[in-house]
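Single-structure report; data block below.
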Amino acid sequence: MNFQELARDCVRALTPYQSARRIGGYGDVWLNANEFPRAESYSLTQPLNRYPECQPPALLAAYAAYAGVRAEQLLVSRGADESIELLIRAFCEPGKDAILYCPPTYGMYGVSAETFGVTRRTVLSTKDWQLDLPAIEAALGETAPKVKVVYVCHPNNPTGNLLDHDDLRRLLRMAEDKALVVIDEAYIDFCPDMSTASWLSSFPHLVILRTLSKAFALAGLRCGFTMAYPEVIQLLLKAITPYPIPAPVADIATQALSDKYGENGLQRVKRNVAEVINNRRWLQQALSQCSCVDRVFPSEGNWLLVRFSDVARVFRALGEQGIVVRDQSKQPGLAGCLRITIGTREECERAVQVLKEVQ
């Protein structure tokens, strides 16, 4: 049987997203996936013989309290990645509609659209990695295919910068009655004052994505959240699977979001964020003193984007010492750049020691 002939055309042509684990690598210092460097420990408190709730009420209540929204404005999913797909599935007609995103940015927006046969429209960011609003406005005005969903990442991965709040408001105004604006806040826990969550009441077409994978140190749990107007949430619930959140995921996520668990809950998250910011500051200063480094870009996330004079040599030197980082040099405008996740202080020191020896 020719399985290629059975497959959809868009799937046969698809280049899958190259996640850190899919790319792989060999080493003992993993600075390539924007994970928290240390594992957390939890104990399960719920039985596993029953199917879980589609949307566990205790988990929704806990995250609503954390994010400052109402439970009816929330949907919990298998990471924010599932929500990226749900939005396309619920709002875009294959072969008819389009999504829009602004490279260099997270690659799953485009991959998800391509998987569902939805057109991908891109508007490159400006030289300082902000939104090119005139070009976006022009794209929103096109009718074939019509843009239904706009994805922007804030802080942006992999560049690390925040998007200008005035520009985001202008984007929301120009997209009104045309498209959803999805602000991916996967890394907002490292700069919570810059969240747009308080805008939900002013912009019904605003959707915000969150995750427990970063500051909460729960990347392996695969738990994400969508914040949106209740009517949008109800439409997404029509497209989601019957039991999207395994009981252990809901159990552990609820613990992580609660002050009741003391050091196992929100207190731990605050410590994680403080540790990352301190190590990021140290690493940025140390990297700037390495002769192989052309530039260290400011970052509001748990990584640094670094441009090197000989990126291939640096990547190889780090790999030979068991230090795995993420090559971003093929992204638009990021030639010579590696993304280095903020690890423990010891891991950061090991990386810097290797780089000091690269001439």
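The values are calculated or read from the model by the stated rules, or taken from the named source; none is laboratory data. Please read all numbers here as calculations on a predicted model, not as lab measurements. Note: ideal-geometry Cβ built from the backbone for every residue, glycine included; neighbour counts use all protein chains shown. Please note that ligands, DNA and RNA were not included when accessible areas were found on the heavy atoms of the full protein model with its side chains. Shrake-Rupley method; radii C 1.70, N 1.55, O 1.52, S 1.80 Å.
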Problem - Enumeration of residues in the stretch 108-161 that are surrounded by fewer than 18 Cβ atoms within 10 Å (Cβ to Cβ), among the polar types (S, T, N, Q) and modelled with pLDDT under 95 - result: Thr143
Exercise for the section: Please determine, by comparing only the residues of the stretch 316-355 that are farther than 20 Å from Phe297 by Cβ and of a type in the set (Lys, Arg), which one is surrounded by the fewest Cβ atoms within 10 Å (Cβ to Cβ). Expected result: Arg316
Completion exercise
Given the conditions (1) at pLDDT 95 or above; (2) more than 19 Å from Arg70 (Cβ to Cβ), every one holds for Asn264 apart from (1)
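Residue by residue through the stretch 201-228, note down the ones that are in a loop (DSSP other than H, G, I, E, B), under 19 Å from Leu87 (Cα atoms) and open to solvent by less than 10 Å² (accessible area, probe 1.4 Å). Step through it out loud before you land on a result.
Pass one, the stretch 201-228, residues in a loop (DSSP other than H, G, I, E, B): 201-205, 212-218, 222-223.
Of the ones still in play, those that are also under 19 Å from Leu87 (Cα atoms) are 203-205, 222-223.
Within the stretch 201-228, Cys223 is the sole residue that qualifies.
Does Val181 fit the bill of being buried (at least 20 other Cβ atoms within 10 Å of the Cβ), within 16 Å of the chain's Cα centre (by Cα) and of a type in the set (A, V, I, L, M)?
Details: buried (at least 20 other Cβ atoms within 10 Å of the Cβ): yes; within 16 Å of the chain's Cα centre (by Cα): yes; of a type in the set (A, V, I, L, M): yes.
For Val181, the condition - buried (at least 20 other Cβ atoms within 10 Å of the Cβ), within 16 Å of the chain's Cα centre (by Cα) and of a type in the set (A, V, I, L, M) - is met.
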Fill in the blank from the handout: Selection over the stretch 34-72 where residues are surrounded by fewer than 19 Cβ atoms within 10 Å (Cβ to Cβ), hydrophobic (A, V, I, L, M, F, W, C) and part of a loop (DSSP other than H, G, I, E, B) yields a count of 4
Exercise for the section: Would you be able to tell me the number of residues in the stretch 73-107 that are under 26 Å from Thr143 (Cβ atoms), open to solvent by 40 Å² or more (accessible area, probe 1.4 Å), touching a helix residue (DSSP H, G or I) at 6+ places or on another chain (Cβ under 9 Å) and not in a helix (DSSP H, G or I)? Expected result: 1
